[in-house]
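Notes to accompany the following structure.
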Amino acid sequence: MAERQEETADDAVLTRIGQSVMLHHAGDREEARVRFLALWREIGADGDPLHRCTLAHYMADTQDDPCDELAWDLRALSAAEELTDERRAGSGGAPAAARALYPSLHLNLAADYVKLGRSEAARSHLRHARGTAGGLADDSYGDGVRAAIHRLELRLGDGGPGAGGDPGGPPRQRS
């Protein structure tokens, strides 16, 4: 019974994160940011790594300052590493869902570093994104992340023939 109540509470947190994401996607960035911050205070620094990763991953998109965006994306990656470490210890390997987070997390960090003019750090995270893209499913989400990685590679001149052809900013890809 206690396990069932814990699952329900977990679902409630993810539902609230999802509601804030919907607010952001509908154009209410400030309200989404306020709700994300309230959730962050509830979850706490020692809260469930999946909750912290998901929340920080989306919170980054609501930031006005690229340094703040980077800080939230770094929090998301740190929580994802905790998640996979915990799951690895309990099940012998990181679950597919956790592995599928890495390409997007590294892609977003690469995009942050591009905004900050730190191309070597961007390239490093872009290599991690590409290297972990094998964990993505062959679906529209996976295709979108792989395409965004390729576009950023082209922009940074790391994409082979025709490199550097994307004049626009790198897209943010969220799960």
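In the range 59-75, which residues are within 15 Å of Glu30 (Cα to Cα), surrounded by 22 or more Cβ atoms within 10 Å (Cβ to Cβ) and not hydrophobic (A, V, I, L, M, F, W, C)? Break it down stepwise before answering.
Going residue by residue through the range 59-75, those that are within 15 Å of Glu30 (Cα to Cα) are 59-65, 68-69.
Adding the requirement that they be surrounded by 22 or more Cβ atoms within 10 Å (Cβ to Cβ) leaves 59-60, 62, 69.
If the condition is that a residue be within 15 Å of Glu30 (Cα to Cα), surrounded by 22 or more Cβ atoms within 10 Å (Cβ to Cβ) and not hydrophobic (A, V, I, L, M, F, W, C), then Thr62, Glu69 are the ones that fit.
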Restricting the range 134-153 to residues that are modelled with pLDDT of 95 or more and among the hydrophobic types (A, V, I, L, M, F, W, C), the residue that is most open to solvent (accessible area, probe 1.4 Å): Ala147
Test set (1) farther than 19 Å from Asp11 by Cβ; (2) open to solvent by 40 Å² or more (accessible area, probe 1.4 Å) - Glu42 fails condition number: (1)
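Determine, yes or no, whether Arg33 is free of Cβ contacts under 8 Å to residues at least 60 places away in the same chain, within 17 Å of the chain's Cα centre (by Cα) and either under 17 Å from Ala80 (Cβ atoms) or open to solvent by 50 Å² or more (accessible area, probe 1.4 Å) (or both).
Values: free of Cβ contacts under 8 Å to residues at least 60 places away in the same chain: yes; within 17 Å of the chain's Cα centre (by Cα): yes; either under 17 Å from Ala80 (Cβ atoms) or open to solvent by 50 Å² or more (accessible area, probe 1.4 Å) (or both): no.
Here the answer is no, as Arg33 does not meet what is asked.
Which fully enclosed helices (runs of 4 or more DSSP H) of the range 1-59 have 2 or more residues being over 13 Å from Ala79 (Cβ atoms) and at pLDDT 90 or above? Steps first, please.
Numbers: elements: 2-25, 29-43, 49-59.
In the range 1-59, 2-25, 29-43 are the helices (runs of 4 or more DSSP H) which contain 2 or more residues that are over 13 Å from Ala79 (Cβ atoms) and at pLDDT 90 or above.
The values are calculated or read from the model by the stated rules, or taken from the named source; none is laboratory data. These numbers were taken from a predicted model, which means no experiment stands behind them. With ideal geometry, Cβ positions are generated from the backbone for all residues, glycine too; neighbour counts draw on all protein chains shown. Remember, those area values only see protein heavy atoms, side chains included, never the ligands or the DNA or RNA. Shrake-Rupley method; radii C 1.70, N 1.55, O 1.52, S 1.80 Å.
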